[in-house]
Amino acid sequence: MERNLQLYPWYQGARNLLFWQGVWFLYFEQVLTAEQAITLAALYEIANVFLEVPSGYFSDRIGRRVTLIISAVANVTACLLFFLAAHQNGFAMLLAGQILLAVHMAFNSGTDSALLYDSLKAAGQTKNIAEAEARAWRFSYTALAISAALGGLMASGWMGDSYALTYLATSVAAAAALVITVLFKEPPHATDQFAEAPLDQFVTVLGRLRDPVLAWMCVFFGGLYILSHIPFVFVQPYLREMLTTLDLTAETPMIIGLVIAVMMAVSATLAWFVVPLRNRIGTKAMFGIALALQTAVIAAMAWIIHPLVVALLVLRMVPGTLTRPFLLEAIQPRLQSSYRATYLSVQSLAARLAFSGTLFLAAYAVTGTNTLDRVGLAQVLPWCALGGFILTITLWWTWPRERDDETNTTENQSSET
């Protein structure tokens, strides 16, 4: 299992070389309308909803390695379709790409963390789960930072006047991730039973939500997922509006790429310190800070379009860095290998379903506009900020008491059920 532990951060780094991340919405708007662009984002989330649980069950039943191979193949194909969409039937090609991208994300979701935890368990290193997740996130954020900056330059015309070129570059990185998945070894399921029949598996997973810690963590995961992805969808039109006021419209792709690169670099740097920070202030404080910070980012975008808001925008990924290692540290020991990926997929399904509903409401609110301007942003973002504020207060006051009795070190003492 040592090979898995060595390759895992590199896998996360390769699959997160997303050169398109700073321009995908602008690219969609270039081919389609603002309403269609948001609708495509919502359809991507819906596709994820239908694939999340089956992909998790597939992982538990068939294996982690083959599931990740399918994910990587779908990613390569999706990127090539996005590249071709600039020259073919735009909406149909982009929709096919979105569906395959959803396949990639769904088959990776939960399975990557399950492979890591199962590998750590086989190596007798489960106490290192938080450090292992944090190391993988450093690789991920570093890759995201590098690819955002280079992708912005590509879209700005220094390698040809085409946003689509960023997807071609991403397909090369996705192919590298595919090679790494082939090199993984399937981790053993130890003494756990094999996955049950699909319906029984789903009932088992839902039954685990009787655990107050798992229930709270599920709501927290979904809430933070929605709050973190709202800026992801709207940051590009927001920055375009801001740069227009500064007469920098032509430099929009490059500047957006640089902003996202700084955003990821900040998170990659913070990932070195999250474990000592959690040990010092506690898990509850870390989670509360994450929710409050994510809400503040959305509130600032809703309140004013100004360069000063960029200082908050570069912190968009910080909440995930502050919480993901400890979210998994709390969840993983409470799950058996026979339903680990299924549980994580059900958790993601709930989050994606809620977010897709949010996007459909946003698309309805901006119907009739070709580009998402400040008027459209003002119709969506204030409501999102209000929802974030309510969620932050609610989760802070409902923190499960059981967590207060558990150690705040990286060695989680909970036993597997």
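The values are calculated or read from the model by the stated rules, or taken from the named source; none is laboratory data. Predicted model only: the values in this text are computed from it and were never measured. Ideal geometry is used to build each Cβ from the backbone, glycine not excepted, and the neighbour counts take in all protein chains shown.
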- request: Might you let me know whether the stretch 272-282 holds any residue that is of a type outside the set (A, V, I, L, M), more than 21 Å from W137 (Cβ to Cβ), crowded, with 18+ Cβ neighbours inside 10 Å and out of contact with any Pro (no Cβ under 6 Å at 6 or more places or on another chain)?
  value: no
message: Please pick out the residue among V49, V53, V76 that is within 13 Å of S171 (Cβ to Cβ), of a type in the set (V, I, T) and buried (at least 18 other Cβ atoms within 10 Å of the Cβ).
response: V76
task: Name the single residue, out of those in the stretch 229-271 being among the small types (G, A, S) and either at pLDDT 85 or above or assigned to a helix (DSSP H, G or I) (or both), that is surrounded by the fewest Cβ atoms within 10 Å (Cβ to Cβ).
output: A250
- prompt: Going by the conditions given, is A42 under 16 Å from the mean Cα position of the chain (by Cα), part of a helix (DSSP H, G or I), under 20 Å from A136 (Cβ atoms) and not β-branched (V, I, T)?
  reply: no
message: Looking at (1) part of a helix (DSSP H, G or I); (2) farther than 19 Å from S55 by Cα; (3) among the aliphatic types (A, V, I, L, M); (4) out of contact with any helix residue (DSSP H, G or I) (no Cβ under 6 Å at 6 or more places or on another chain), which one does V73 not meet, given that it meets all the others?
response: (2)
task: Mind counting the residues in the stretch 104-137 that are surrounded by 21 or more Cβ atoms within 10 Å (Cβ to Cβ) and in a helix (DSSP H, G or I)?
output: 23
field: F58 closer than 19 Å to A173 by Cβ and assigned to a helix (DSSP H, G or I)
entry: no
message: Condition (residue is of a type in the set (A, V, I, L, M, F, W, C), buried (at least 21 other Cβ atoms within 10 Å of the Cβ), under 30 Å from A296 (Cβ atoms) and modelled with pLDDT of 75 or more) applied to the stretch 195-208: is it met by at least one residue?
response: no
query: Is at least one residue of the stretch 332-346 within 23 Å of L293 (Cα to Cα), of a type outside the set (S, T, N, Q) and either touching a residue at least 60 places away in the same chain (Cβ under 8 Å) or surrounded by fewer than 23 Cβ atoms within 10 Å (Cβ to Cβ) (or both)?
result: no
